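Report on the following structure.
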Amino acid sequence: MRRAILLMFAAACSARPAERPAAPPPPPPVVQVRPAAVGPSIYELPIAMADSKGATISLGVNAGHPTLISMFYGSCVVACPALIGAIGHILDQLPAASRDDVRVLLVSFDPARDTPARLAELVRSHRLDARWTLAAPSELDARTLAAVLGIRYRVVANGEFFHTSAIVTLDRDGREIARMEGLGDPGALIAALGE
Amino acid sequence: MRSLAIVALSAGIAAAGPAHVGPGIYHPAFPASPSERDIAVAGFWLDREPVTNADYLAFVHAVPAWSRDHARSLFVDKDYLGHWASSDGLGTALPKAPVVRVSWFSARAYCAWRGGRLPREAEWELAAAADARHRDASADPTFQAQILRWYAKPTPAILPAVGGAANAWGVRDLHGLVWEWVEDFTASLVTSDSRDPTRSQVCGAEAAASKDPSAYATFMRTAFRGSLDGRDTATSLGFRCAYDRSPR
């Protein structure tokens, strides 16, 4: 709730409308690392999803492996390819020992359009290897997962999604050990994965 | 006599059942994009009053997984139902007062249990734009001033009971008692396809975009929703449920 209070102050400052400021430069990514094995496992969420092979999978599909999880939508042209690129970059920078062990789970906001066939096309076009899983849950479950991961999104009338990007690192049991909000230097995230 | 009593009773329940709201057009004071200036809201049903402590206690009895002692930390913070004396006892909290200290996850679970769902932001705002006589009083400075006066008051230690005056839709207590969860609270303040989760820039940009100071109350609600996480609970944050079809 601390942020709620901060925002109330932010709101208060708008009582006197000011000149519209120029758009600020994009901020550097915020990486938070938590001590491992505290907090609940997100694999407790009973969410069923359809993956790019048409199989029904659960959130815990990668249990036993450290996992990078994020959300996206397939028809997105800018931020989502950037997200896939950023995760690929993280995988490439991992020490050899953990590189093969790590898994990636990308969950779609957009079950209506991100069918298994569409997800399979994304796997092909981005040349994603077997470490990657792309899947879509129901709209209700997408909202649940977004709330758990702290990803905010809005469905816009024209079928676009406005969303924040966060790459969340889970330990082998599905507990969050690090998160990166925004895209940029993933050094701290890589360090958390390497441990 | 007996059938008469039943008729009278069901009539009473009908009057207390959810109110039909809409269809209508919701005009956000701070459209997130040009395509979102007018949002069509289909007709729906909305609880006339916020969910009360007594209502929520019945839920916790029926679904003990959502009791204070059993709710998963993935879904609630440590203050969940903290105003109750115990896991299944209200203590000094009034049975007819709105339940507060509930998370978005728990509010959703309650509404699903009741056969409904949380209202979406556009639905809640459409219902809340009405005063006692007009379905859209959003441009009325007196109505807006009244809401802002409430926002300026601190939350009382013991919340009063629900049952304020009905608005033009027949819905009570949308303003003046507690803030309320909406299904798509995470949509608040997401204004671009953003790799940037900073919400603070909204203060200048969005507030300045609105020339109408009466929109300030709406801005307060949007800012509040945008600041929340799904696990958060607060002493002044409750909810009510919506339904896609008449629950009866």
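The values are calculated or read from the model by the stated rules, or taken from the named source; none is laboratory data. All figures in this text were calculated on a predicted structure; none of them were measured in a lab. Cβ: placed from backbone, ideal geometry, glycine included. Neighbour counts: every protein chain shown. To get the accessible areas, we keep the full protein, side chains included, count just its heavy atoms, and leave off ligands, DNA and RNA. Shrake-Rupley method; radii C 1.70, N 1.55, O 1.52, S 1.80 Å.
Tabulated results
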item	result
Failed criterion for A:R127 (all others in (1) farther than 27 Å from B:S73 by Cβ; (2) open to solvent by less than 20 Å² (accessible area, probe 1.4 Å) hold)	(2)
Selected residue (criterion: farthest from the other protein chains (Cβ to nearest Cβ)) from residues of the stretch A:132-156 that are basic (K, R) and open to solvent by 20 Å² or more (accessible area, probe 1.4 Å)	A:R143
Residue among B:S67, B:S86 that alone is over 14 Å from B:G238 (Cβ atoms), surrounded by 17 or more Cβ atoms within 10 Å (Cβ to Cβ) and more than 14 Å from chain A (Cβ to nearest Cβ)	B:S67
Any hit, the stretch A:100-110, residues being at negative phi and surrounded by fewer than 17 Cβ atoms within 10 Å (Cβ to Cβ)	yes
Given (1) closer than 30 Å to A:S41 by Cβ; (2) assigned to a loop (DSSP other than H, G, I, E, B), index of the condition B:R135 fails	(1)
Flag if A:T133 is in contact with a helix residue (DSSP H, G or I) (Cβ under 9 Å, 6 or more places away or on another chain), within 22 Å of A:L189 (Cβ to Cβ) and either assigned to a strand (DSSP E or B) or in contact (Cβ under 8 Å) with a residue 12 or more places away in the chain (or both)	yes
Lone qualifier among A:G174, A:G159 - being of a type in the set (G, A, S), over 26 Å from B:G226 (Cβ atoms) and either within 14 Å of another protein chain (Cβ to nearest Cβ) or touching a Lys or Arg at 6+ places or on another chain (Cβ under 7 Å) (or both)	A:G174
Residue that is nearest to the other protein chains (Cβ to nearest Cβ), among those in the stretch A:48-73 that are open to solvent by 10 Å² or more (accessible area, probe 1.4 Å) and in a loop (DSSP other than H, G, I, E, B)	A:A63
Matching residues in the stretch A:185-195 - criterion: being in a loop (DSSP other than H, G, I, E, B) and either among the polar types (S, T, N, Q) or open to solvent by less than 40 Å² (accessible area, probe 1.4 Å) (or both)	A:P186
Any hit, the stretch B:103-125, residues being under 24 Å from B:D173 (Cα atoms) and over 21 Å from the mean Cα position of the chain (by Cα)	no
Of all residues making up the stretch A:75-97, the number that are open to solvent by less than 10 Å² (accessible area, probe 1.4 Å) and either assigned to a helix (DSSP H, G or I) or not hydrophobic (A, V, I, L, M, F, W, C) (or both)	6
In the stretch B:218-243, residue most open to solvent (accessible area, probe 1.4 Å) [restricted to those that are at the interface with chain A (Cβ under 7 Å from one of its Cβ atoms) and not in a helix (DSSP H, G or I)]	B:D229
Odd one out for A:R172 among (1) basic (K, R); (2) touching a residue at least 12 places away in the same chain (Cβ under 8 Å); (3) more than 20 Å from A:L189 (Cβ to Cβ)	(3)
Residue match in the stretch B:66-77 (condition: touching a strand residue (DSSP E or B) at 6+ places or on another chain (Cβ under 9 Å) and either within 30 Å of B:E125 (Cα to Cα) or of a type in the set (K, R) (or both))	yes
Number of positions in the stretch A:160-170 that are open to solvent by less than 20 Å² (accessible area, probe 1.4 Å) and in a loop (DSSP other than H, G, I, E, B)	2
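Quick grid of which residues meet (1) more than 23 Å from B:A217 (Cβ to Cβ); (2) open to solvent by 50 Å² or more (accessible area, probe 1.4 Å); (3) at pLDDT 95 or above:
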{"residue": "B:G12", "(1), (2), (3)": "yes, no, no"}
{"residue": "B:G17", "(1), (2), (3)": "yes, no, no"}
{"residue": "B:V21", "(1), (2), (3)": "no, no, yes"}
{"residue": "B:H27", "(1), (2), (3)": "no, yes, no"}
{"residue": "B:F30", "(1), (2), (3)": "no, no, no"}
{"residue": "B:E36", "(1), (2), (3)": "no, no, no"}
{"residue": "B:A40", "(1), (2), (3)": "no, yes, no"}
{"residue": "B:D47", "(1), (2), (3)": "no, no, yes"}
{"residue": "B:Y56", "(1), (2), (3)": "yes, no, yes"}
